[in-house]
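A.B. asks: Before I ask anything, let me first share the structure, which is written out below as structure tokens.
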């Protein structure tokens, strides 16, 4: 389209008014309401340039025609000028009318609904925000998918920069992507490192043109991880099993940012707790000795650690978590080790064994080099004594106990014990135990047999004519005597058994006069033999009368 002559311009003046006329959503004076769909940021070439919102030199050359568009204040001429500045040909890339409403239709293959810096914002005819001729402008900044900043010129109007918000009615019909100013990725970004809890991953930025600034957003299974906006990221327990990627945004002023997601990593594995210093155990491998464990150190601090003691490789019951272990007789001959178990959320449970192995566990042996002895007899009232011998080692502790028929006698804990009536008839045993820390205790046992008791015999005799009535009472401490008693006087004798320690008998055919009476108690297995002597006066028997004969 060749430039028209002035008469033709005048004849077509009415049509030219509509060429790029805008139906302003907000009058460019005063402050627009907050809900306006567009806001003018500046008006006029010079004021806009002073506000750092220039026309890119169009104000000085707007008397020229570009892409055969009309010169001066004209949206299509301004946009054509900017596109040629951006590197496009001076020839319009399509045939047919250059009216603004036709641009999006003529270039439909590169027109969509997505704004980009440097793209052409296009309004079709008779849409809100444009007249019957439509309108075009240059997208200077994309604030978001619903907010852009444009620069524009308009027929019979002036040059502006304007903010447009999609919540109103002035949003462009589409965006024509002739020569968008976009940061372009040349070498794709990627993730370096191992996808494992506790390991640090790094986003390699890749290469972009032109050189931009960068921002990062880490994703887990394509979902943004809150706060993960640094170039590096260490996965935590929440990311175990997820595949990580990074959304790299490359930004540069006056360019549409480039956004590329890296390839995803393998699923995040649990971390590994690494021991930097093992636990240590100390002490003597002897019975009754106390072993002590000192915890080790870890590259990553565990949430919790637990010490476990082992005897010949088997965990000792009840020892988990205890820093000390007392060696028992059951552990004799075994080797004692320890292992520290560490746990942390998102990490594999780890163990660190102590390098020391103590054992085999031993127990000292006490030797008796000179025997222990016992003295005393098993008789009521006797003192029984346990006489110490000689041991190796010599500094053993001696403990004395006394037992009656297998039952320990309360309070009897000295080397000497005096037999009481409670012991009569029972077996009494003395026991001495030799002990020393970390040595096997040994004991010597002495039995004194059943305890006997002495008998006491009381004899009472009453003389009569030719006979004597005898009463025998036998008593003994701790026992009731039983068994036979024999009573004699001269040639007369009688034997009978005690009942509750008592016996009665009548000796007959005794000569008159004072006679000796002897009683002998034979004793029993507990009560000892007894004897007693007394005298009795036997009276003469009455003579028989003739009548009796």
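A.B. asks: Going by the conditions given, is residue 230 farther than 23 Å from residue 252 by Cβ, under 31 Å from the mean Cα position of the chain (by Cα) and touching a residue at least 12 places away in the same chain (Cβ under 8 Å)?
C.D. replies: Spelling it out, it is not the case that residue 230 is farther than 23 Å from residue 252 by Cβ, under 31 Å from the mean Cα position of the chain (by Cα) and touching a residue at least 12 places away in the same chain (Cβ under 8 Å).
A.B. asks: Would you confirm whether or not the stretch 365-378 contains a residue that is at pLDDT below 95, part of a strand (DSSP E or B) and under 47 Å from the mean Cα position of the chain (by Cα)?
C.D. replies: So far as the stretch 365-378 goes, yes, one or more of its residues are at pLDDT below 95, part of a strand (DSSP E or B) and under 47 Å from the mean Cα position of the chain (by Cα).
A.B. asks: How many of the residues in the stretch 422-434 are under 24 Å from residue 477 (Cα atoms) and either surrounded by 16 or more Cβ atoms within 10 Å (Cβ to Cβ) or modelled with pLDDT under 95 (or both)?
C.D. replies: Counting residues in the stretch 422-434 that are under 24 Å from residue 477 (Cα atoms) and either surrounded by 16 or more Cβ atoms within 10 Å (Cβ to Cβ) or modelled with pLDDT under 95 (or both) gives 7.
A.B. asks: Specify which of the listed residues (184, 111, 169) is touching a residue at least 24 places away in the same chain (Cβ under 8 Å) and either crowded, with 21+ Cβ neighbours inside 10 Å or in contact with a helix residue (DSSP H, G or I) (Cβ under 8 Å, 6 or more places away or on another chain) (or both).
C.D. replies: Within the list 184, 111, 169, the selection yields 111.
A.B. asks: Let me ask something else. Output the residue which, of all residues in the stretch 132-148 that are touching a residue at least 40 places away in the same chain (Cβ under 8 Å) and more than 16 Å from residue 182 (Cβ to Cβ), is surrounded by the most Cβ atoms within 10 Å (Cβ to Cβ).
C.D. replies: Applying the filter and picking the extreme gives 135.
A.B. asks: Would you be able to say whether some residue in the stretch 337-349 is within 25 Å of residue 438 (Cβ to Cβ), at pLDDT 95 or above and within 44 Å of the chain's Cα centre (by Cα)?
C.D. replies: Within the stretch 337-349 (the criterion being within 25 Å of residue 438 (Cβ to Cβ), at pLDDT 95 or above and within 44 Å of the chain's Cα centre (by Cα)), the answer is yes, since at least one residue qualifies.
A.B. asks: Also, I was wondering about something else. Which count do you get for residues in the stretch 47-69 that are buried (at least 20 other Cβ atoms within 10 Å of the Cβ) and in a loop (DSSP other than H, G, I, E, B)?
C.D. replies: Here the count works out to 5.
A.B. asks: Scan the stretch 302-311 and tell me whether some residue there is farther than 28 Å from residue 234 by Cβ and in contact with a helix residue (DSSP H, G or I) (Cβ under 9 Å, 6 or more places away or on another chain). If you could, list the steps in order and put the result at the bottom.
C.D. replies: At the first step, the residues of the stretch 302-311 found to be farther than 28 Å from residue 234 by Cβ are 307-311.
Now narrow it down to the ones that are in contact with a helix residue (DSSP H, G or I) (Cβ under 9 Å, 6 or more places away or on another chain): 311.
There is at least one residue in the stretch 302-311 that is farther than 28 Å from residue 234 by Cβ and in contact with a helix residue (DSSP H, G or I) (Cβ under 9 Å, 6 or more places away or on another chain).
A.B. asks: Now for a different question. Looking for whichever is in contact with a helix residue (DSSP H, G or I) (Cβ under 8 Å, 6 or more places away or on another chain) and within 18 Å of residue 179 (Cβ to Cβ) here; the options are 70, 66. Which one fits?
C.D. replies: 66
A.B. asks: Would you be able to say whether some residue in the stretch 501-520 is touching a residue at least 60 places away in the same chain (Cβ under 8 Å) and touching a helix residue (DSSP H, G or I) at 6+ places or on another chain (Cβ under 6 Å)?
C.D. replies: no
A.B. asks: Please work out if residue 42 is surrounded by 17 or more Cβ atoms within 10 Å (Cβ to Cβ), outside any loop (DSSP other than H, G, I, E, B) and either in contact with a strand residue (DSSP E or B) (Cβ under 6 Å, 6 or more places away or on another chain) or at pLDDT below 95 (or both).
C.D. replies: For residue 42, the condition - surrounded by 17 or more Cβ atoms within 10 Å (Cβ to Cβ), outside any loop (DSSP other than H, G, I, E, B) and either in contact with a strand residue (DSSP E or B) (Cβ under 6 Å, 6 or more places away or on another chain) or at pLDDT below 95 (or both) - is met.
Residues checked against (1) outside any strand (DSSP E or B); (2) surrounded by 13 or more Cβ atoms within 10 Å (Cβ to Cβ); (3) modelled with pLDDT of 95 or more:
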site	(1), (2), (3)
487	no, yes, yes
511	yes, yes, no
544	yes, no, no
549	yes, no, no
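A.B. asks: Further question on the same structure: Condition check: touching a helix residue (DSSP H, G or I) at 6+ places or on another chain (Cβ under 8 Å) and either closer than 16 Å to residue 525 by Cα or assigned to a strand (DSSP E or B) (or both). Does residue 451 satisfy that?
C.D. replies: Spelling it out, residue 451 is indeed touching a helix residue (DSSP H, G or I) at 6+ places or on another chain (Cβ under 8 Å) and either closer than 16 Å to residue 525 by Cα or assigned to a strand (DSSP E or B) (or both).
A.B. asks: Another question, then. Going through the stretch 310-342 one residue at a time, which ones are assigned to a strand (DSSP E or B) and in contact (Cβ under 8 Å) with a residue 60 or more places away in the chain?
C.D. replies: Answer for the stretch 310-342, where residues must be assigned to a strand (DSSP E or B) and in contact (Cβ under 8 Å) with a residue 60 or more places away in the chain: 339, 340, 342.
A.B. asks: Just to verify a result, which residue in the stretch 151-166, among those that are surrounded by fewer than 23 Cβ atoms within 10 Å (Cβ to Cβ) and under 59 Å from the mean Cα position of the chain (by Cα), is nearest to residue 114 (Cα to Cα)?
C.D. replies: So the residue we want is 166.
A.B. asks: What number of residues in the stretch 435-460 are more than 30 Å from residue 487 (Cα to Cα), over 47 Å from the mean Cα position of the chain (by Cα) and surrounded by 15 or more Cβ atoms within 10 Å (Cβ to Cβ)?
C.D. replies: Selection size over the stretch 435-460: 3.
A.B. asks: Quick check on my filter: what residues within the stretch 260-285 are in a strand (DSSP E or B) and touching a residue at least 60 places away in the same chain (Cβ under 8 Å)?
C.D. replies: Within the stretch 260-285, 260, 269, 271, 272, 275, 280, 281, 282 meet the criteria.
A.B. asks: I've got another one for you. Of everything in the stretch 191-213 that's surrounded by fewer than 17 Cβ atoms within 10 Å (Cβ to Cβ) and over 34 Å from the mean Cα position of the chain (by Cα), which residue is nearest to residue 300 (Cα to Cα)?
C.D. replies: Among residues in the stretch 191-213 that are surrounded by fewer than 17 Cβ atoms within 10 Å (Cβ to Cβ) and over 34 Å from the mean Cα position of the chain (by Cα), the one nearest to residue 300 (Cα to Cα) is 204.
A.B. asks: In the stretch 413-426, is there at least one residue being touching a residue at least 60 places away in the same chain (Cβ under 8 Å), assigned by TED's automatic domain parsing to the domain that holds residue 398 and under 20 Å from residue 373 (Cβ atoms)? Can you show your working first?
C.D. replies: Quick first cut of the stretch 413-426, residues touching a residue at least 60 places away in the same chain (Cβ under 8 Å) only: 424-425.
Add one more test, that the residue is assigned by TED's automatic domain parsing to the domain that holds residue 398, and what stays is 424-425.
Subset that is under 20 Å from residue 373 (Cβ atoms): none.
Within the stretch 413-426 (the criterion being touching a residue at least 60 places away in the same chain (Cβ under 8 Å), assigned by TED's automatic domain parsing to the domain that holds residue 398 and under 20 Å from residue 373 (Cβ atoms)), the answer is no, since none of the residues qualifies.
A.B. asks: Are any residues in the stretch 248-259 part of a strand (DSSP E or B) and buried (at least 18 other Cβ atoms within 10 Å of the Cβ), and if so, which ones?
C.D. replies: If we filter the stretch 248-259 for residues that are part of a strand (DSSP E or B), which is where we start, we get 248-251, 256, 258-259.
Within the stretch 248-259, 248, 250, 256, 258 qualify.
A.B. asks: Residue under question is residue 307, and the condition is that it be under 26 Å from residue 273 (Cβ atoms), surrounded by 16 or more Cβ atoms within 10 Å (Cβ to Cβ) and either in the same structural domain as residue 236 (by TED's automatic domain parsing) or without any contact (Cβ under 8 Å) to a residue 40 or more places away in the chain (or both); does it hold?
C.D. replies: Working: under 26 Å from residue 273 (Cβ atoms): yes; surrounded by 16 or more Cβ atoms within 10 Å (Cβ to Cβ): yes; either in the same structural domain as residue 236 (by TED's automatic domain parsing) or without any contact (Cβ under 8 Å) to a residue 40 or more places away in the chain (or both): yes.
Spelling it out, residue 307 is indeed under 26 Å from residue 273 (Cβ atoms), surrounded by 16 or more Cβ atoms within 10 Å (Cβ to Cβ) and either in the same structural domain as residue 236 (by TED's automatic domain parsing) or without any contact (Cβ under 8 Å) to a residue 40 or more places away in the chain (or both).
Here's the yes/no breakdown for (1) under 17 Å from residue 283 (Cβ atoms); (2) touching a helix residue (DSSP H, G or I) at 6+ places or on another chain (Cβ under 7 Å); (3) buried (at least 18 other Cβ atoms within 10 Å of the Cβ); (4) assigned by TED's automatic domain parsing to the domain that holds residue 290:
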{"site": "320", "(1), (2), (3), (4)": "no, no, no, yes"}
{"site": "328", "(1), (2), (3), (4)": "yes, no, no, yes"}
{"site": "335", "(1), (2), (3), (4)": "yes, no, no, yes"}
{"site": "347", "(1), (2), (3), (4)": "no, no, yes, yes"}
{"site": "358", "(1), (2), (3), (4)": "yes, no, yes, no"}
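A.B. asks: Which of the residues belonging to the stretch 74-95 are outside any helix (DSSP H, G or I) and crowded, with 20+ Cβ neighbours inside 10 Å?
C.D. replies: Within the stretch 74-95, just 74 meets the criteria.
A.B. asks: For the stretch 116-220, please list each of the strands (runs of 3 or more DSSP E) lying entirely inside it that holds at least 1 residues being farther than 30 Å from residue 77 by Cα and at pLDDT 95 or above.
C.D. replies: Fully inside the stretch 116-220 and qualifying: 184-187, 190-192, 201-204, 207-209, 213-220.
The values are calculated or read from the model by the stated rules, or taken from the named source; none is laboratory data. Predicted model only: the values in this text are computed from it and were never measured. Backbone-built Cβ (ideal geometry, glycine too); neighbour counts: all protein chains shown.
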